[in-house]
Amino acid sequence: MDIQFAILGLLSWKPLSGYDLKKIIADSELFYWSGNNNQIYNSLVELHRQGLVSQEIQLQESLPAKKVYTITGSGRAKLRAGLLSAPELPEIRNSFLIQLAWTDELSGDELDALLARYAEEISVQLRMRTALLTRPSTAPNRTPRERLLWDRIEQNQVNMVRQELEWVNRLREDLRAQEFNDS
């Protein structure tokens, strides 16, 4: 799925400005785009050109006017078509695995130190993601099913990080056991 699909999904929830979209995308672990202004505003221009979103200029007191975007009927149809399309498999790219593939060049202590650093970084990420679950959700909450879906999405992200931490800790234990058996 691309950023335009994500924008249509967010706009199906409620009308938003480009700034609101940028903040939601930047603050969420779900959306993997950088959420920079060019990506969002270029996407909004294209979605508007295609008639998938409408825009309304809202005047603000003491602030510049802002454009608020709303999904159109055509936009909802495009979103629905995307929702019914075949699911994409997750892209699993972990550059650490490429690094790890050649670590037989390191001493046992060097390898363990590298794995310890990786485990610590994953632990920090796990703590951050777990803490995000405790703060008030900014996810849509229109129906109990939608709330359940968003809860499970957040849990999936935490579980993936937790599983990575368990994997690296098991690897460290296996390497220690192997070194003990080899000596």
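The values are calculated or read from the model by the stated rules, or taken from the named source; none is laboratory data. Owing to the predicted nature of the structure, the values given are computational and were not obtained by experimental measurement. All Cβ positions, even for glycine, are placed from backbone atoms using ideal geometry, and neighbour counts span all protein chains on display.
Structural remarks
- Per the conditions (1) touching a residue at least 60 places away in the same chain (Cβ under 8 Å); (2) loosely packed, with under 15 Cβ neighbours inside 10 Å, the sole criterion not satisfied by Leu175 is (2).
- Pair list, Cβ under 6 Å, 6 or more apart: the range 114-133 residue closer than 11 Å to Glu164 by Cα, other residue among the basic types (Lys, Arg) and surrounded by 13 or more Cβ atoms within 10 Å (Cβ to Cβ): Leu126/Arg162
- Condition check for Pro140: within 27 Å of Pro15 (Cα to Cα), touching a residue at least 24 places away in the same chain (Cβ under 8 Å) and assigned to a loop (DSSP other than H, G, I, E, B): yes
- Of the helices (runs of 4 or more DSSP H) contained entirely in the range 1-78, those carrying at least 1 residues that are touching a residue at least 24 places away in the same chain (Cβ under 8 Å) and among the polar types (S, T, N, Q) fall at 3-13, 37-49.
- Hits in the range 21-43 - residues which are at pLDDT 85 or above and surrounded by fewer than 16 Cβ atoms within 10 Å (Cβ to Cβ): Lys23, Tyr41, Asn42
- Selection count, the range 90-143, where residues are charged (D, E, K, R), loosely packed, with under 12 Cβ neighbours inside 10 Å and at pLDDT 90 or above: 6
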